[in-house]
Amino acid sequence: MKLLKDRILNDGKSLAGGILKVDNFINHQMDPVLMKSIAVEFVRRFADLPINKIITIEASGIAPAIMLGYLLELPVVFVKKAKPKTMGDMYVSEVHSFTKNRTYDICVSKEFLSADDKVLFIDDFLANGNAAFGMLDLIQQSGAALLGMGFIIEKSFQEGGKRLRELSDIRIESLARIKSLEVDKVSFEED
Ligand code: G4P
Ligand code: NA
Ligand code: NA
């Protein structure tokens, strides 16, 4: 997606350790006009799938997910990163983030994810993919069908994309695929 790649080149910052800082338009300050264009592109790429619900993980997945849910007029569920005391029956999975070097539980109420659902998972980044694998686990526990996974940015030099694509034939779409990140230099895959 050219608009997104250009924005990454203009406003993203490549940090040491293979981290791309995009807190000027995605992770802290957000650009709703860009986010709408991102959602339109997800609609285009997933339009043929019989999705009934969008699912994401708090916090940074919520913005693209709700834009997409708005366009498709579908409910959006965000998985939580801490077990709320007030939540009744829920599915829980453990995620270890290499990027942030911490382990946390993700959870979703059984009320909002069930075997009747055909879901599309949306998130901001695909890195090593542990968050996505935790999500797969929750979806499997619920019996819902996962029809697709959409990421704004995939760092294809990390293993997440490869691991997910090997695991299943679920459709995975990343709007900007980053081949390499050197300090002050971002290179994209050819697609
Ligand atoms: P991991 O297995 O390598 O930890 O990667 P995963 O894909 O699970 O991502 C872990 C967290 O790190 C996610 O955010 C993800 O968005 C973020 N992340 C990974 N690589 C980058 C990067 O290069 N730049 C930025 N800005 N974020 C990156 P999270 O912990 O879920 O936080 P939130 O922002 O969604 O609240
Ligand atoms: Na995220
Ligand atoms: Na993030």
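No lab work stands behind these numbers, since they all come straight from the coordinates. This is a predicted model, so every value here is computed, not measured. Quick reminder, even Gly has a Cβ in these numbers, built from the backbone with ideal geometry, and neighbours come from all protein chains shown.
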Convex hull volume per residue for the stretch 88-191, taking Cα atoms only, in Å³
102
Averaging over all projection directions, find the projected area of the Cα convex hull of the stretch 81-122 and quote it in nm² with one decimal place.
3.9
Label zone at Asp6, where the point sits 7 Å out along the Cα-to-Cβ direction: the stretch 14-36 residues whose backbone N lies under 19 Å
24-26, 31-36
Efficiency of FRET from Cβ geometry, Val33 and Phe188, R₀ 25 Å, rounded to 0.05:
0.70
Helix 32-46: angle to the longest alpha-carbon principal axis of the chain, degrees 0 to 90, nearest 10?
70
In percent, what relative contact order does the stretch 13-150 have, based on Cα pairs under 8 Å that are 6 or more apart in sequence?
23
Computed label-point distance, nm, for sites Asp48 and Gln140 using a 7 Å Cα→Cβ extension:
2.7
For Ser60, what is the net charge nearby, where nearby means another residue's Cβ is under 11 Å from its Cβ and Lys, Arg count +1, Asp, Glu -1?
-4
In nm, what is the difference between 0.36 nm times the number of residues separating Lys179 and Glu166 and their Cα-Cα distance?
2.8 nm
Taking amide hydrogens as modeled 1.01 Å from N in the peptide plane, which residues meet the under 5 Å criterion relative to Gly148, leaving out close sequence neighbours?
Phe121
Projected area averaged over all directions for the convex hull of the alpha carbon atoms of the chain, nm², comes out at 10.4
Which ³J(HN,Hα) values, rounded to whole Hz and listed in residue order, are derived for the stretch 96-108 from phi using the Karplus coefficients 6.51, -1.76 and 1.60 in 6.51 cos²θ - 1.76 cosθ + 1.60 with θ = phi - 60°, glycine and proline given as x?
9, 8, 5, 4, 9, 6, 8, 10, 8, 8, 10, 8, 9
Greater than 28 Å apart at Cα, pairs in Lys85/Lys162; Lys83/Lys162; Lys81/Lys162; Lys81/Lys155:
Lys85/Lys162; Lys83/Lys162
In degrees from 0 to 90, rounded to the nearest 10, what is the angle of the helix 62-72 Cα long axis to the longest principal axis of the chain?
70
Expected unfolding gain across Glu159-Lys100 under the 0.36 nm per residue rule, minus the alpha-carbon gap, is 19.7 nm
Based on other C-beta atoms within 10 Å, arrange Ser37, Ser168 from fewest to most.
Ser168, Ser37
The stretch 2-83: GluC sites (Glu not before Pro) in DSSP loop, at most 11 other beta carbons within 10 Å:
Glu73
